[in-house]
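Here the structure comes first, spelled out in structure tokens, and everything after it is commentary.
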Amino acid sequence: MTEPAPSPAAKQPAPSSWTARVREWGVRAMPPERLLPDSQPAYMSSWIYIFGVLTIASLTVIIGSGVVLGLKGPAWWHYTGVGHFFNSIHLWAVELFFFCMVIHLWAKFFMAAWRGGRSRTWMTGVISFLISIVAAFTGYVSQQNFDSQWIATQAKDGINATGAGAFFNVLNFGQMYSYHLLLLPVVVVGLVVAHILLVRRNGIVPPLPLSDLVKARPAADGGERAASQAR
Amino acid sequence: MDLAAIVNLNHPATYVHWHFFQMSVSNLVVIVLMIVVFAAAIAVPFRRHHEGDEQ
Amino acid sequence: MSKRLSHRELDAAARHYDGPYKPYDLVKELCVALVLITVLSVALAIVFSSPDEPPSTIAQWSRQMPVDFVTTAVNELDGTSGTAGYGPPYNHNGPGQHAAFLHLQKWLGVSHPIDTAADFVYQPLSTIPDVPQVKIATAAYQAAPAKTQAAWTTAYGNALAKASVGPGNTVKAPPGNYGPLPTMMGALLALAQSGGLDGDLLTSRQFYQTDYTKPLLFMADGGLLAARAQAQHLLGTQWGMMNETGSYPGQVWLWLYTFWYQISPYNSSANADLLVFLTMGVLSLALLLIPFIPGLRDIPRWVPLYRYIWRDHYRAQRRALGQR
């Protein structure tokens, strides 16, 4: 028979335990019920709210189809039907990804979703968008067909003009492929995870208050504010 | 070797022009779809199918 | 209107929510989304497939456009090609782009040195075995004084503008004093048409190759890639950055990036690329910092889409207040 669980007093971490301190910090910052709540505020009542998760789903399909393409190497999709099919899934998932992400951005903008201490959520979202464009670009120049030849020889001028061409050579297939398969997906996924954790931590932004409802609210809930709104 | 697509898009695109602005019909379709889907997502009522309506 | 509330009050109000919650299954939502997007992606892949225009090779270029190929090779030799005069990161022969005091292209230096005469002409010619005339011609050209070389390349370049394609896909220029150039270029053209130049330009210091800088720069200095691009509406002046080959949807999210290239002062500037990058950099920064920019952050209150998004919530609120 196993020993009974230690009493709560015995669970007090020794002050010098890094592990315990990290665990306590993690649980304090993100209790499980906050990480995976099974309820949401009642104002989450619009189809517009699904575009964030649709963007994540698109990213998942991009990565899944990308893994298949990566497993078989960069030339595979040019000379097999199955390979071309997975390339097609990858391309259309990218279109869906940007489609859903931009609608999600429009929605969050018109909701002013950065309110209430949520500016970092907005900012991680914008940076994800910008880095995704770069990630997509490295994919386009990794296709090893005419499109990649043209895009690379054109884009080099813009990138060289900023000085970035000194260390980011879009004509170097090996370098671009490495960025596309590993470096940028890691960054994008990391940013998306940070973005989601911020959303869970801060909660979904409440609706903008309507003035007639603000004025009508009982005094206990911001009477000063209501009084100052009197026309 | 290639599995033939049902709709073959491997032909030159049609372009719409307006002053100096030009866009392929395919890209225009994508943009119009985005606006339509955005508007629909806001306009279409959101009703829960199981219990759990607003308390 | 809620715009009467100050920004700080709005912010404070958004930090708390004491109202009702309802059950919401996030994991199920994610699973449904995954199935939906997978089905959509697969369906689109089945219906439309994806484009795959085969790449151009130097062999194809030299066979389809031999005069253009030789003209480009002469330009690489005399330093008048795009790559030859590019500047950093390839060489020091050009100033690079700048905006006011920002000379980023120059400051970051030459990181991928390319000597167009050596890399695109002398070195490939030196690999041709058992044709002593080519070695003699190349040596004669390299030994000649710079003024003589310039006279040859200028005369030959002008003649090529009136050249025709001869038997065996060779180039026939009108007679003139071009020194050893016809021999050198004839050999280079034959090497290219046999496929040898594609491999030659790819080879560098090692066996395994993944860097296509040299063959791509050489081809881009010529007219084949641009001719194919124009046919596919991919040129900068055709808003090409947004487009895909064929009738496929392209990169719609680049619309604003390519827009600037179409208007003044960008469309007539030698520094257009840097200017567009800087413009987009500033706009991206503005997008990032919207929460802190007065005016921009108030647009959602002025364009009240939120009244429709949250109409259920406002209705419920009114009902609750009406019942008190």
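All of the numbers you see were taken from the coordinates with simple rules; none came from a lab. All of these numbers come straight from a predicted model, not from anything done at the bench. In this analysis, Cβ positions are derived from the backbone assuming ideal geometry, glycine residues included, and neighbour counts consider all displayed protein chains.
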Can you work out the FRET efficiency for the pair residue C:227 and residue C:133, with r the C-beta to C-beta distance and R0 = 35 Å, to the nearest 0.05? 0.60
Using 0.36 nm times the number of residues separating residue C:321 and residue C:206, minus their current alpha carbon distance, what extension gain do you get? 33.6 nm
Separation between Cα centres of the range C:130-198 and the range C:1-46, rounded to whole Å: 67 Å
Computed on Cα atoms, the radius of gyration and Dmax of the protein assembly as shown in angstrom are 30.5, 104
Mind jotting down the distance between the C-alpha centroids of the range A:122-173 and the range B:1-43, whole Å? 23 Å
Kirkwood Rh over alpha-carbon pairs of the range C:180-289 plugged into Stokes-Einstein at 25 °C, 0.890 mPa s gives a D in µm²/s of 142 µm²/s
Stokes-Einstein D for the range A:48-96, Kirkwood Rh over Cα pairs, 37 °C, 0.692 mPa s (µm²/s): 293 µm²/s
If each K or R counts +1 and each D or E counts -1, the residues other than residue C:157 whose Cβ falls under 15 Å of its Cβ total -3
Under 16 Å from a point 7 Å along the Cα-to-Cβ line of residue C:285: which residues of the range A:116-131 have their amide N that close? A:127
Please quote Rg/Rh for the range A:112-203 to two decimal places, taking the Kirkwood radius as Rh and restricting both calculations to Cα atoms. 1.11
Roughly how many nanometres apart are two label points built 7 Å out from the Cα toward the Cβ at residue A:22 and residue C:256? 3.9 nm
Treat each spin label as a single point 7 Å out from the Cα along the C-beta direction, and report the residue A:200 to residue C:43 distance in nm. 3.1 nm
Classified through the alpha carbon gyration tensor (a ≥ b ≥ c as square roots of its eigenvalues; rounded if a/c is under 1.5, else prolate when a/b is larger than b/c, else oblate), the range A:68-167 comes out oblate
Shape category assigned to chain A from the gyration tensor of Cα positions, a/c cut at 1.5: oblate
Just the Cα atoms of the range C:255-324, one point each, no solvent: what log10 I(q)/I(0) does Debye give at q = 0.15, 0.18, 0.20, 0.26 Å⁻¹? -0.71, -0.83, -0.89, -1.03
Rounded to 10°, Cα long-axis angle of helix C:146-160 versus longest principal axis of chain C: 70 degrees
Can you give the net charge of the other residues whose Cβ lies under 14 Å from the Cβ of residue A:156, counting K and R as +1 and D and E as -1? -3
In chain C, lysine pairs with alpha-carbon atoms under 28 angstrom apart (chain gap of 8 or more, or interchain): 10
